[in-house]
Amino acid sequence: NKKITVNNVFNKIPSVLGLNSTETLTGATTTAVSLTTNLTLMDGTSGLVNSALGSGTLTGQIKMFVATAHATPPQISVATTLGAWARLTFLLTGSSAICMWTGSAWALMSTSTSAAGSTPVGVTTGSS
């Protein structure tokens, strides 16, 4: 005679995985990227989006970025990474990247370009 409750079913799912949590960074933004939302949309049509991603809040946290429009390529500086990269630059509208927090650093899981079949120039990584 065991009861299943919502808390029992979702007990191990951290709240940061809820995909309905988004933020939008607009032109001339230098604010920090939110760690409580999963998706960051970047619209740089009115200026450079130049933000920073701090340390994650729990191991396995996923952070997604999409450049929705821009006159200047949006940039996200990442202080703690696995590897030699420290910045994401989104060269095309529709470019995206997915990062995962390992507990001590951000791992770059994937990047994509917006143009089907084009060479992978949508997102570049670089040092700060």
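The values are calculated or read from the model by the stated rules, or taken from the named source; none is laboratory data. Please read all numbers here as calculations on a predicted model, not as lab measurements. Quick reminder, even Gly has a Cβ in these numbers, built from the backbone with ideal geometry, and neighbours come from all protein chains shown. In case anyone asks, the SASA skips ligands and DNA or RNA and just uses the protein heavy atoms, side chains included. Shrake-Rupley method; radii C 1.70, N 1.55, O 1.52, S 1.80 Å.
Quick notes on this one:
- Extreme residue, farthest from the chain's Cα centre (by Cα), among residues of the range 82-104 that are open to solvent by less than 60 Å² (accessible area, probe 1.4 Å) and hydroxyl-bearing (Ser, Thr, Tyr): Thr102
- Filter result (within 20 Å of Leu35 (Cα to Cα), open to solvent by less than 60 Å² (accessible area, probe 1.4 Å) and not in a strand (DSSP E or B)) within the range 67-81: Pro74, Thr80
- Of the residues making up the range 22-41, those that are part of a loop (DSSP other than H, G, I, E, B) and loosely packed, with under 15 Cβ neighbours inside 10 Å number 4.
- Selection status of Thr40, under 23 Å from Trp85 (Cβ atoms), under 11 Å from the mean Cα position of the chain (by Cα) and modelled with pLDDT of 75 or more: yes
- Which numbered condition Ser51 fails, given (1) on the phi > 0 side of the Ramachandran plot; (2) open to solvent by less than 60 Å² (accessible area, probe 1.4 Å): (1)
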